[in-house]
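The values are calculated or read from the model by the stated rules, or taken from the named source; none is laboratory data. In this text, all values refer to a predicted model and were calculated from it rather than measured experimentally. Here the Cβ is made from the backbone with ideal geometry for all residues, glycine too, and neighbour counts use every protein chain on show.
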Amino acid sequence: MSMETKDLLLGKAKPEDWESMYRNVWSRPAVARFMQWRITTSAADAQARMERTIAWQKNHDTYLVYEKSSGQAIGFAGVEEIAPHIYQDAGIALVVSRVMRKIDFGIW
């Protein structure tokens, strides 16, 4: 399953996404500042983190956020069911500095 707007796509992670997630999200202290995770400090750790992300996404409604124009992963978002048909946010991080001026955050 995937969801999209004019400029963004939400989809499940793929092994090759480790590099753009590392560069755009996981290695950035400013992104991790208010999150419950720490930055990733090496390519090897990023690859291992992507393997864990893919395994987690198999059973959870969590997705990577892709910039359509570049195809790069620029964040993640998810929801979790806390009661039948009641969902809450399970975390969101999005690096928008490079795309904020042109993104259409329309209804998904």
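Figures for the structure shown
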| item | result |
| --- | --- |
| Residue 69 being modelled with pLDDT of 75 or more, within 21 Å of residue 17 (Cβ to Cβ) and assigned to a loop (DSSP other than H, G, I, E, B) | yes |
| Tally, over region 28-46, of residues that are basic (Lys, Arg) and either part of a helix (DSSP H, G or I) or in contact (Cβ under 8 Å) with a residue 12 or more places away in the chain (or both) | 1 |
| Qualifying positions in region 21-44 - under 14 Å from the mean Cα position of the chain (by Cα), surrounded by 20 or more Cβ atoms within 10 Å (Cβ to Cβ) and of a type in the set (Ser, Thr, Tyr) | 22 |
| Sole exception among (1) free of Cβ contacts under 8 Å to residues at least 24 places away in the same chain; (2) exposed (fewer than 13 other Cβ atoms within 10 Å of the Cβ); (3) not β-branched (Val, Ile, Thr) for residue 69, by number | (1) |
